[in-house]
């Protein structure tokens with residue numbers, strides 16, 4: 001039996017790939033367990049600096065496995081059913097969602113929780129829970145990413161939006177032809193990986209912390225977060241490399 005989630009390394013970039021193409025990569029117990037395992041692995045591998053979350057086959061993720069829900073009589077899902085990044089799983093490194101086909105319900109959750117998103121032109125995003133009398137409490141932070149009225153429309157109509165519309169709304173960073181999705185996501189990840197890791201991780205931390213703060217408090221928090229970056233060895237290495245006309249050698253300290 002193949003692994004429900006596969007972990008691959010391509011240089012500093014880790015790919016975490018849902019591997020149930022025959023079931024449209026629906027989230028069943030083995031997939032949920034695999035996500036916990038491989039996000040933990042990525043977090044702990046020091047030389048892995050960026051991750052890409054993707055799906056094997058033509059579909060990113062169709063959501064929770066409704067067949068499993070019916071068979072188990074699932075009522076309210078456990079809050080720790082999957083690693084919800086920056087909520088029940090702290091991860092300082094950036095994660096990119098590479099979405100092809102559909103990202104519905106739990107698949108939308110996976111795309112939403114990542115820090116950046118690259119979508120194929122054929123991608124569709126939907127919060128379909130209203131069709132099946134399920135819930136989407138995980139979407140409470142969606143109005144932080146897109147306008148509240150659009151977020152509400154997605155939740156109450158359960159209708160999908162295109163990759164282009166998601167890009168216009170700011171939910172998606174880049175749109176690529178389906179056959180170029182993987183290369184586009186890898187290129188974005190490598191661009192991030194070339195940058196100073198302390199600065200990248202501090203930027204991510206500041207963005208999420210600012211979401212819970214007012215204007216002035218957010219600026220003060222930014223000063224606090226970046227102080228250790230300014231005082232690091234890498235902060236001296238960057239200008240030195242520029243002066244010596246060479247690529248910097250980051251030590252993340």
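The values are calculated or read from the model by the stated rules, or taken from the named source; none is laboratory data. The structure presented is a predicted model; accordingly, all values stated were derived computationally and were not measured. Cβ coordinates were reconstructed from backbone atoms using ideal geometry, including for glycine residues, and neighbour counts include every protein chain displayed.
List of remarks:
- Cβ-Cβ under 7 Å pairs, at least 6 apart or on other chains, the range 18-37 side on the phi > 0 side of the Ramachandran plot, far side surrounded by 22 or more Cβ atoms within 10 Å (Cβ to Cβ) and at pLDDT 95 or above: 24/59; 25/18; 25/55; 25/59; 25/60; 25/61
- Enumeration of residues in the range 155-175 that are without any contact (Cβ under 8 Å) to a residue 40 or more places away in the chain, farther than 11 Å from residue 123 by Cβ and surrounded by 15 or more Cβ atoms within 10 Å (Cβ to Cβ): 155, 158, 169
- Scanning the range 143-154 for residues that are surrounded by fewer than 13 Cβ atoms within 10 Å (Cβ to Cβ) and in contact with a strand residue (DSSP E or B) (Cβ under 8 Å, 6 or more places away or on another chain) yields a total of 0.
- Residue count, the range 103-136 (criterion: under 24 Å from residue 211 (Cα atoms), touching a strand residue (DSSP E or B) at 6+ places or on another chain (Cβ under 8 Å) and not in a loop (DSSP other than H, G, I, E, B)): 11
- Of the helices (runs of 4 or more DSSP H) lying entirely inside the range 176-253, the ones with 3 or more residues being without any contact (Cβ under 8 Å) to a residue 60 or more places away in the chain, more than 19 Å from the chain's Cα centre (by Cα) and more than 30 Å from residue 99 (Cβ to Cβ) are found at 215-230, 233-243.
- Residue 88 being over 25 Å from residue 156 (Cα atoms), at pLDDT 90 or above, in the same structural domain as residue 17 (by TED's automatic domain parsing) and buried (at least 16 other Cβ atoms within 10 Å of the Cβ): no
- Of all the listed residues (81, 48), the sole one being modelled with pLDDT under 95, in contact with a helix residue (DSSP H, G or I) (Cβ under 6 Å, 6 or more places away or on another chain) and assigned to a loop (DSSP other than H, G, I, E, B) is 81.
- Single residue of the range 114-140 satisfying the filter (free of Cβ contacts under 8 Å to residues at least 40 places away in the same chain and out of contact with any helix residue (DSSP H, G or I) (no Cβ under 8 Å at 6 or more places or on another chain)) that is surrounded by the fewest Cβ atoms within 10 Å (Cβ to Cβ): 133
- Lone qualifier among 248, 148, 160, 143 - being in contact with a helix residue (DSSP H, G or I) (Cβ under 8 Å, 6 or more places away or on another chain) and in the same structural domain as residue 53 (by TED's automatic domain parsing): 143
- Residue check for residue 14: closer than 23 Å to residue 181 by Cβ and in a loop (DSSP other than H, G, I, E, B): no
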